[in-house]
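As structure tokens, the structure follows; a few thoughts come after it.
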Amino acid sequence: MDITTLGIDLAKSVFQLHGVDAQGAIVLQKKLRRGAVVKFLSKLEPCLIGIEACATSHYWAREIAALGHDVKMIPPAYVIHMSNAKRMMPQMRKPSARPSRAQTCASCL
């Protein structure tokens, strides 16, 4: 398993891990309990790890960096959660065949 970049979604008890290799291919998708995270990451070769900046992210950044990994914290505004992706995407509407009131009034002038 040659992971170059690992993303970790921090939560209360179950953390989500998503790892990719140098070509961007997914090589790891895993759920870990809080107690198993440090044990799992200690077995990995040092890589870039991205975590969302939150209340506990500084603690986890220190713990992970102590294992030799390069940790980057991402501001919450730049993180799009997969569960919210459908709500965040704008609804695509078909254009109406009937002209709008602004179009008809502009032609009257």
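Quick note: the coordinates plus some simple rules give every number you see, no bench work behind them. The structure displayed is predicted, hence computed values, not measured ones. Glycine also receives a Cβ, built like all others from the backbone with ideal geometry; neighbour counts cover every protein chain displayed.
Numbers at a glance
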item: Nearest-0.05 FRET efficiency for residue 70 and residue 23, computed from C-beta distance (R0 22 Å); result: 0.70
item: Fewest-first ranking of 47, 54, using other Cβ atoms within 10 Å as the exposure measure; result: 54, 47
item: Principal axis dimensions, the range 5-81 - Cα atoms, whole angstrom, descending; result: 31, 26, 21
